[in-house]
Every structure is written in C-alpha cells, then in structure tokens.
1. Which percent of the accessible heavy-atom area of the chain goes to carbon and sulfur, probe 1.4 angstrom?
2. Using +1 at the C-beta of Lys and Arg and -1 at the C-beta of Asp and Glu, which of 164, 110, 141 has the Cα lying farthest in the positive direction of the dipole of segment 100-244?
3. Karplus couplings for segment 46-51 from phi (6.51 cos²θ - 1.76 cosθ + 1.60, θ = phi - 60°), rounded to Hz, Gly and Pro as x?
4. Quick check: the distance between the Cα centres of segment 101-153 and segment 201-258, to the nearest angstrom?
5. Show the residues, 5+ positions off or on another chain, whose built amide H is closer than 5 Å to the amide H of residue 209.
6. Which FRET efficiency value, to the nearest 0.05, do you get for residue 76 and residue 156 by plugging their Cβ-Cβ distance into 1/(1 + (r/R0)^6) with R0 = 51 Å?
7. Please give the charge dipole size of segment 219-273, origin at the Cα centre, charges +1 on K and R Cβ atoms and -1 on D and E Cβ atoms. Round to the nearest 20 debye.
8. For residue 350 and residue 170, what does the FRET efficiency come to when R0 = 56 Å and r is the distance between their Cβ atoms, rounded to the nearest 0.05?
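The values are calculated or read from the model by the stated rules, or taken from the named source; none is laboratory data. Predicted, not measured: the structure shown is a model, and the values here were computed from it. Cβ: placed from backbone, ideal geometry, glycine included. Neighbour counts: every protein chain shown. For accessibility, only protein heavy atoms count, side chains too; no ligands or nucleic acids. Shrake-Rupley method; radii C 1.70, N 1.55, O 1.52, S 1.80 Å.
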Amino acid sequence: MTAPASDGASPIRVRFAPSPTGDLHVGGVRTALYNWLFARRQGGVFILRVEDTDEARSTEQSTRAILDGMAWLGMHADEGPFFQSDRTELYRAKLAELVASGGAYRCWCSKETLDERRAAFEREKKSFRYERTCRGRTEGPSPDAPFVYRAKLPADGEVVVDDLILGEVVTDNRELDDFVLARGNGSPVYNFCVVVDDIDMRVTHVIRGGDHLANTPKQIHLYDLFGVPRPKFAHLPMIHGMDGKKLSKRHGAASIMQFKELGYLPETMLSFLARLGWSHGDQEVFEVEELQRLFDLKECGKSAGIFDMKKLDWQNGLRIRQMAPVALLDRCKPFLDAKGLDSSAAWLPRAVVLVQERARTLVEAVNGLTMFFDRGTTVKFDEKSATKFLTPANRALVAELADCLAPVEPWLSPDLERAATAFLAERGLDMKQVGQPARVALTGGTVSPPLFDCMEVWGRDVTLARLRGVV
Ligand code: GLU
C-alpha cells in the first residue's frame, strides 16, 4: 500500500507547520530545524505554514513568537509564512471536490446518538468507531438537520506508513473510522487542512514530531481519496528531560524565546537541538554550515533525545569563549540596554575580555560586567569579606599599595602587576597577603576577575580612591 512520493527528479519541498496556540517550544524548533536542514542539504524548498484554523486557541501573540523565534534562529522560509486562516476557500473547494468524487459524505448522526453508541461500545470494553451509519444516505432526517462531512475509508485492509526514521508502521484499517473532515458549514478539521495544504504546496517530505504518527494513516487515506501520490513521512522521536519524562515547563525553560532571554546564542541552540535525535559520529558541536552540509534523515535515531541543560550551558560557554571580544560585546548590547546600562562605555571592550572566560550565557556575561558600571569612588562592602580582610593592618597596607601604584604609566594590568610585585618584594610579603584585602577594597567582595585587570578597567582615579578610601 505504499506509493512513492516523488520521482526523485522533482525538487524536495518540506514545511514547518506550527499551530500558534502557545509558545514556540524547543520540540517545535527541532522539527523546524530538521526540515530546514533537510531542504538546505538537498537544495530544496522550506515552507512555513502557520496552522491557525483553531480560532479559539490560536493567538496573534503566539504567531508573533513563532515568527520571532524563526527569525532569531536564522531559519528563513523560502516560501511563506502562509496562514491557514487565509485559505478557507481552498478547503471548501477541496471538500466539494471530495464529496463530488464520492470520497466524502454527509453524516447527520446527532451528538446524542453518537454519545449513546460510544457508551454502548464502552460497556463492552471496545473502543468506539463510527459505524458508518450515514455512508449510504443521501438525505438527512429533515432539510435543515445539522450534519458533518466524513471521509469514506476502506472498511478493511491495512495502511502502511513507510517512515524514513521508524521504518514500516502498519495500521489495520479496522482501527480507523470514517473520521470527520469538516462541519456542515464547511469549516474543516486539522487532518483535512494539513493534507489539502501539503498537496497544494507540493510537499514531498512530511517531517514532524512522532506525536503526529497517529494522524498519518488517516492522512494517507486522504491522499488516496484525492488520487494524488503520498509524500514521504519521517516522524521524529520525542525530546525528554534528564528524568526521562517528556520535556515540559517543569524542566525549566521550554520556549525558544526564553532561551534567548536567558542569554543562549542562536547558534548554540541550533547545534544542540540538531543533536537531539540526530548524530554524526561522535561530534557534539556543529556550525550551522556544517549542519546544512551534513544533516541526513538516515542518521536520525528512534529513541528520545535527552535535553541536558548542563550540556547546553557547556556548549554555550564554549562558544562565548571562542568569540572575538567585540563580537561578544555586540551580543551583550541588547542585554545591557535592557538594564539601562550604557553599552557604548569606552572601557567595555576591555572589561568584556574579563567576563568572557567564565560566562556560560550572555546574561552571566552582562552580570559580570555590571559592577564596572559603578564608577563611584566609594564601595559597598560585603560585610563578611570586610571583617575578614579589611583588618586595620591590611587597610594600611592597601593604602600604601595605592601610593605605590599611583605613578604607574601606562595604567595597564601588566604594569600594575609589576609595580605591585616590586612593592611586595620590598616588604617581604606575597600576593596572597595583599591581594584579597585590595580586592575587597576595590570591588567590595572576594570574587572578581583578576585584580589588576579590574584596576585597568576602573582606571586610575577610581582605583586609587577606592584603595585609599579604606583608611
Ligand atoms: N500543526 C501541527 C502542530 O503544530 C503540525 C502539523 C504537521 O506537521 O503535520 O502540531
């Protein structure tokens, strides 16, 4: 029962078809990514189709989130975005076509009747299938009796999904029923719109989440009823959290825009998500161009991808460390602006180097930069650090250090360190004895980037005032 989708000569056409009923989840992004990569690798066409027929659940805000998320990740559609809500005429016409060809029929069974039959099935511990009561009918009980449209499916036999990832998935047609295609007013259901659109958009490969596998046999029957070749199907494994359960909000961030706000880089997200269900040898980190060159459905696995937040942090930190400091600063700018911090401050290019080593996210980098925006000459001390390190003797030492640093020219970290080393040698002290007291005097606490680098960023006046301010 399998029919080849494309003859091999026709161009590859794939689509990402999200429903705008919530945030764009990382699972959805992974689906979009695989479609996009597949199209890029094969020289095909990537279509974006927003499935907004469910008026009650679709929101503008969610559509915005989809478009913003895709733009942020740089996954640009070759065609679209299309909106199903703009395409109702097509669905109507296709429904009429199917009715005319005998592939669909009207069903006047009332909700009450169907509920009764369902209850009867349940009493016998059988799962309910519509009993095709109206299949032979041409008229309803009265001219204005409400009705729905149903698909006319074969009563027996089987349907085989020749899935590119899962292999053959066989469904007995007796497990299916003549499902509803549209309400009497012509307003269509999900399975109908998807197939009409996939046919109209000449989609050759349907690559989507495994949660849609149950819809696929029904959709295949619709292709057959329309008399058009089926596309190829690939159903992706689920994404699980570290606890082995389906990834959800419980696991922390789940929407792609949250990851943006948390300071993850789009290229980290793409590489990381690509690996949740696909692998290429044991390579963990990929550049986008590499993914576009290498991605292959044949290398997609059947088992769930595990979303390991620690791995994501590590990969993001790695990319942050590998960036040119000016590029990192550029990425930090929106976060600085959002905090009302002056992203054009002259000392920032120097400071960014200091936070680059440790930051796993742009938010962490910006948090590291924040203290340098305080250019005041007095410091608010962390009480414990002050008690421990700013003893009267240490305070005097810090002030002396300030005097020794004052003439250093240029005011650069290595020069400052050289002067301080000479100062310590003269007194027979080591850096440990003056380093932490000076750090507390300068930064207020005991944790900061290297001391002399911090001094360079703050500049001579601020540094000397703070060191001298402890006496
Ligand atoms: N609109 C469906 C969803 O968001 C996807 C439909 C499909 O890919 O066939 O889950």
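1. 52
2. Going by the Cα projections, it comes out as 141.
3. Each residue's phi maps through the Karplus curve to give 10, 10, 10, 10, 8, 8 Hz.
4. When both Cα centres are located, 28 Å separates them.
5. 236
6. Working from the Cβ atoms, E equals 0.65.
7. 160
8. That gives a FRET efficiency of 0.30.
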